[in-house]
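Trainee: One structure is given below, represented as structure tokens, and several questions about it will come after.
What follows is calculated from the coordinates using simple rules that are stated; it is not laboratory data. Predicted model only: the values in this text are computed from it and were never measured. Virtual Cβ from ideal backbone geometry, glycine too; neighbours counted across all protein chains shown.
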Amino acid sequence: MTKRLVADALMVLSAIFLPWWITAPLIVAGCMFMEAFYEGIMLAAIIDLIYGTTTLPHLTIAACLAFLAGPVLRERVRWYS
Amino acid sequence: MMQSRRNKPQMYKVGTLVILVVLVVVFAAPVRAAVAGGVMWAVEPLLAMSRATHNGISSFIQTFSSTRTLIAENTAIKRELDDLKMRLLDRNLLAEENAQLRELMGQTPVPSGVLGTVLSGPGFAPYDTLVVDAGKNVGIQEGDRVFIGENVIIGRVSAVYAYSSQVVLLSSPGEKSDVVLFGGTSSDSVVTAIGRGGGSFEILIPRDIVIATGTPVFALGTSRIIATVEGSEGNANDPFKKLLLRTPINPQSIRFVRIVSSRPPL
């Protein structure tokens, strides 16, 4: 739980202080490595609300896809240490 | 472990609910506007802090630039300044003459506009938009035009919040602007410039029209510059060619803008 809270805090900070092309891969990584990472979708929606126009919210859609693909990829990818 | 497995479907149910709520927020315009207003109210001070931090970091890094690079840059800037001074002299004379003529015609120009600091722009944000620290508090309205300096128009206000506003750049992908092309081999032509993102535009014109690189392109009905001609592309079999334009200033380096009301003066 603590790990998740720290990750959430770091992502919020990255959304405010770092360019979007750093935050976006972090959201995808969050969806890959964390169980049901819906905070990522919320963060992407906030970025779209701040910077996006009324046209297609690309980042939110990408985060939704990453959220849905995350569990599938996690099961299929094998990690060797 | 068992508990975690039991929690899994529950977590995904919450996730699905979150997706649905988020999609409603970002797609339903009235909900979006209300939520965006709240988000901007909370985030605007943080964006200002972020901008200040970035400026601080970049000036700190600049102190480590090598002396040789700084001397070379200094020389180049001095040369450019001399060139600009010469041009400015000419421009001042013309502006003075223009003001006198306008006065004779009974049109006294009134300086207008609100100065706004750019809190975030393209490169930092995923879209070709600017977030500016001027909002309803200084009378900004949706549709107001956004300038750099006096004569370069770069965008329009697309959303206004309490203390900030969002500006869509004219060069945003798919954004259409009516422009006037001067200096072609034929008479002046009115065409539509389509934004390509990153400060560039494209215009489709007949292949026979020749327009020199560097020619300014003006917004229709005004004497405001939108972009300058950068080049063209197209093949010999095509009756049309694409004219590529570029804004006079890189959108990523914009720090201040002037927002001018689109309402007619009282």
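Trainee: In a Debye calculation with equal point scatterers on the alpha-carbon sites of the range B:130-243 and no solvent, what is log10 I(q)/I(0) at q = 0.13, 0.14, 0.16, 0.24 Å⁻¹?
Mentor: Taken in order of the listed q values, log10 I(q)/I(0) reads -0.54, -0.61, -0.75, -1.35.
Trainee: Could you give the nm distance between label points at residue B:94 and residue B:42, where each point is 7 Å from its Cα heading toward the beta carbon?
Mentor: 5.1 nm
Trainee: Here's another thing I want to ask about it. Going by C-beta contacts inside 10 Å, put B:165, A:14, B:112 in order with the fewest on the left.
Mentor: B:112, A:14, B:165
Trainee: Do the sum for chain B: with -39,500 (n - 2.57) for every DSSP H run of n ≥ 4, divided by all residues, what is the mean residue ellipticity at 222 nm, to the nearest 500 deg cm²/dmol?
Mentor: So the helix-based figure for chain B works out to -13500 deg cm²/dmol.
Trainee: Here's another thing I want to ask about it. What is the Cα centroid distance between the range B:217-248 and the range B:51-115, reported in whole angstrom?
Mentor: Going from one Cα centre to the other spans 25 Å.
Trainee: What FRET efficiency comes out for residue B:190 versus residue B:250 if R0 is 22 angstrom and r is the Cβ-Cβ distance? Round to the nearest 0.05.
Mentor: Here the calculated transfer efficiency is 0.25.
Trainee: Consider a paramagnetic label point 7 Å from the Cα of residue A:55 along Cα→Cβ; state which residues of the range B:127-161 have an amide N under 20 Å from it.
Mentor: B:127-132, B:142-147, B:153-160
Trainee: Right, here's the next one. Amide H neighbours of residue B:119 under 5 Å, at least 5 residues apart or on other chains, H built in the peptide plane: list them.
Mentor: Placed amide hydrogens put B:131, B:132, B:133 under 5 Å from residue B:119.
Trainee: Next up: Along its three principal axes, how long is the range B:24-153 when you only count alpha carbons? Whole Å, largest extent first please.
Mentor: 56, 55, 22
Trainee: Right, something else. Can you list the HN-Hα couplings for the range A:16-24, worked out from phi with the Karplus curve (6.51, -1.76, 1.60; θ = phi - 60°), rounded to whole Hz and with x for Gly and Pro?
Mentor: 3J(HN,Hα) across the range A:16-24, in whole Hz: 8, 9, 10, x, 4, 6, 9, 5, 4.
Trainee: Rounding to the nearest 20 debye, state how big the charge dipole of chain B is about its Cα centre with +1 on each Lys and Arg Cβ and -1 on each Asp and Glu Cβ.
Mentor: 1260 debye
Trainee: Name the most mobile residue of B:94, B:181, B:23, meaning the one with the largest mean-square fluctuation, in a Gaussian network model of chain B with Cα contacts below 10 Å.
Mentor: For chain B, modelled as a Gaussian network with Cα springs under 10 Å, the answer is B:94.
Trainee: Another question, if that's okay. Putting +1 on Lys and Arg Cβ atoms and -1 on Asp and Glu Cβ atoms, find which of B:206, A:31, A:49 reaches farthest to the positive end of the dipole of the protein assembly as shown.
Mentor: The one lying farthest along the dipole's positive direction is A:31.
Trainee: Compute a Gaussian network model of chain B, connecting alpha carbons closer than 10 Å, and tell me which residue from B:58, B:66, B:171 fluctuates the most.
Mentor: Highest fluctuation of the listed residues: B:66.
Trainee: Estimate the FRET efficiency between residue B:112 and residue A:65 by the formula 1/(1 + (r/R0)^6), using the beta-carbon distance for r and 51 Å for R0, to the nearest 0.05.
Mentor: Once rounded, the FRET efficiency stands at 0.65.
Trainee: Which of B:41, A:20 has the fewest other C-beta atoms within 10 Å, and how do the rest follow up to the most?
Mentor: By the 10 Å Cβ count, ascending, the order reads B:41, A:20.
Trainee: Now for a separate question. How long is chain A along each principal axis, judged by its Cα atoms, biggest number first, in Å?
Mentor: 41, 25, 19
Trainee: By how many nm would the segment from residue B:182 to residue B:65 grow when fully extended, if each residue of separation counts as 0.36 nm and the alpha-carbon distance is taken off?
Mentor: Computed gain between residue B:182 and residue B:65 is 37.9 nm.
Trainee: Could you derive backbone 3J(HN,Hα) for the range B:149-163 from the dihedral phi with the Karplus parameters 6.51, -1.76 and 1.60 (θ = phi - 60°), listing whole Hz in sequence and x where the residue is Gly or Pro?
Mentor: So the J values, rounded to whole Hz, are x, 9, 10, 9, 8, 10, x, 9, 6, 9, 8, 10, 10, 4, 10.
Trainee: If you don't mind, another one. Using the 2.2 N^0.38 Å rule of thumb for compact globular proteins, work out how the protein assembly as shown stacks up: its C-alpha Rg over that value, please.
Mentor: Cα Rg divided by the expected 2.2 N^0.38 Å: 1.21.
Trainee: Here's a follow-up. Going by how many other Cβ atoms sit within 10 Å of their own, how do B:256, B:64, B:147 line up, fewest first?
Mentor: B:64, B:256, B:147
Trainee: I've got another one for you. Taking the Cα centre as origin and putting +1 on Lys and Arg beta-carbons and -1 on Asp and Glu beta-carbons, what dipole magnitude results for the protein assembly as shown, to the nearest 20 debye?
Mentor: For this selection, approximately 1280 debye.
Trainee: Using helices alone, I'd like the mean residue ellipticity at 222 nm for chain A: each DSSP H run of four-plus residues gives -39500 (n - 2.57), total over residue count, nearest 500.
Mentor: -25500 deg cm²/dmol
Trainee: P(r) tail for chain B, what percent of Cα pairs lie past 28 Å?
Mentor: 53 percent
Trainee: Moving on. Which helices, taking whole DSSP H runs in chain B, have alpha carbons extending 20 angstrom or more along the helix axis plus mean Kyte-Doolittle at least 0.0?
Mentor: Membrane-span-like by this criterion, though nothing is claimed about a membrane: B:2-27, B:29-62.
Trainee: Given labels modelled 7 Å from the Cα in the Cβ direction, how far is it in nm from residue B:233 to residue B:49?
Mentor: 4.3 nm
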